[in-house]
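Input: a single structure, listed below in structure tokens.
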Amino acid sequence: MDVRQLELLLAVLSAPTMTQAAERVHLSPAAVSLQLQGLASELSTELFVRSGKRLVPTPAALRLAEHARAVVGRMKEIREEFVNDPSRDARPFHFATGATTLIYRLGAPLRLLRRQFPQIELHVTVAATEEMISGIRDGRFDLALISLPVIHKNLKIIPLFDEELLVVRLAEDGDRPTQVASIEPTELNDAPFLVYPKQSNMRTLIDRFCEELRIVPRVIMEAADTEAIKRLIESGFGYSILPEYALKEPNSAFSSSASPDTS
């Protein structure tokens, strides 16, 4: 008995006639019949009986078919495992993410990906959340790392981590820049703010935070570049609300305060 005989049995069971089954497996009907006869002989059973011009499977054939599907399926998995050897995988992979996440979060993961798939053709696109979602839905991107919340049908979303947002301003005398302190909401009302553009999910979180605390910030600049915002705050331009991971490297010019939002 070999796997090819089991594949022929399944082909005959799924085809209307022996001739059509033989065409599917690129053999002659006689060759298929001979293989099945050998299989029946080895198992000392009868697999098909004639009813007029039709071949009717016996209960033994149907029982054998259950085993055959399991064996053939397992053989397929084994072949695919070795065909899809990560070290030889050179298929193109299109990944999308935001600029801030790329800068502060993805250095180590992308290096690990390169080591595991050294031949992969990796394309990285930096885009806003809505563009990433559109790209996933129309097939331009294989995977995207976005900020929640996002509500879209037909998308599989896997949460990866919670991220606290911090209020940031220029450090003053007496501030301890490496320690997160508290801040009164009244200090933020009508304060000059540098924030992300309105189309970004991070801006949605910031606006919601301000609404919950009944704060009306005075937006003096919108920028998608986190580093640009940090440098301007360091120069005394005002306040911002930034992801915690963008502030991991201590900087004596910054003072941070916790906000209740996560992303």
| task | From the list V219, V168, V195, pick out the single residue that is touching an Asp or Glu at 6+ places or on another chain (Cβ under 9 Å) and either open to solvent by 40 Å² or more (accessible area, probe 1.4 Å) or closer than 28 Å to P109 by Cβ (or both). | result | V195
| Selection within the stretch 133-169 - among the aliphatic types (A, V, I, L, M), in a strand (DSSP E or B) and out of contact with any Lys or Arg (no Cβ under 9 Å at 6 or more places or on another chain) | L143, A144, L165, L166, V167
| message | Against the definition (surrounded by 11 or more Cβ atoms within 10 Å (Cβ to Cβ) and either among the aliphatic types (A, V, I, L, M) or touching a residue at least 12 places away in the same chain (Cβ under 8 Å) (or both)), how does A99 come out, yes or no? | response | yes
| query | Mind checking which residues of the stretch 112-140 are of a type in the set (D, E, K, R) and either at pLDDT 90 or above or more than 29 Å from S87 (Cβ to Cβ) (or both)? | reply | E130, E131, R137, D138, R140
| task | State yes or no: is S87 of a type in the set (S, T, Y) and open to solvent by 100 Å² or more (accessible area, probe 1.4 Å)? | result | no
| remark: Among residues of the stretch 135-146 being in contact with a Phe, Trp or Tyr (Cβ under 9 Å, 6 or more places away or on another chain) and either surrounded by 14 or more Cβ atoms within 10 Å (Cβ to Cβ) or among the acidic types (D, E) (or both), the residue farthest from L110 (Cα to Cα) is G135
| request: Could you list all residues from the stretch 102-127 that are surrounded by 17 or more Cβ atoms within 10 Å (Cβ to Cβ) and either closer than 21 Å to S147 by Cα or more than 17 Å from the chain's Cα centre (by Cα) (or both)? | output: L102, Y104, R105, A127
| field | the stretch 66-111, residues that are in a strand (DSSP E or B) and either of a type in the set (S, T, N, Q) or over 20 Å from E227 (Cα atoms) (or both) | value | P92, F93, H94, F95, T97
| request: Can you run down the residue pairs with Cβ atoms below 6 Å, 6 or more apart or on separate chains, where the first is in the stretch 112-132 and touching a residue at least 60 places away in the same chain (Cβ under 8 Å) and assigned to a helix (DSSP H, G or I) and the partner is aliphatic (A, V, I, L, M) and crowded, with 16+ Cβ neighbours inside 10 Å? | output: T129/I146
| field | Filtered residue count, the stretch 49-71, keeping only those that are open to solvent by 30 Å² or more (accessible area, probe 1.4 Å) and either in contact with a Cys (Cβ under 6 Å, 6 or more places away or on another chain) or not basic (K, R) (or both) | value | 12
| In the stretch 15-40, what residues are open to solvent by 70 Å² or more (accessible area, probe 1.4 Å), part of a helix (DSSP H, G or I) and under 12 Å from L55 (Cα atoms)? | T19
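The values are calculated or read from the model by the stated rules, or taken from the named source; none is laboratory data. In this text, all values refer to a predicted model and were calculated from it rather than measured experimentally. Don't worry about glycine lacking a Cβ; one is built from the backbone with ideal geometry, like all the others, and counts go over all protein chains shown. Side chains included, ligands, DNA and RNA excluded: accessible areas come from the protein's heavy atoms. Shrake-Rupley method; radii C 1.70, N 1.55, O 1.52, S 1.80 Å.
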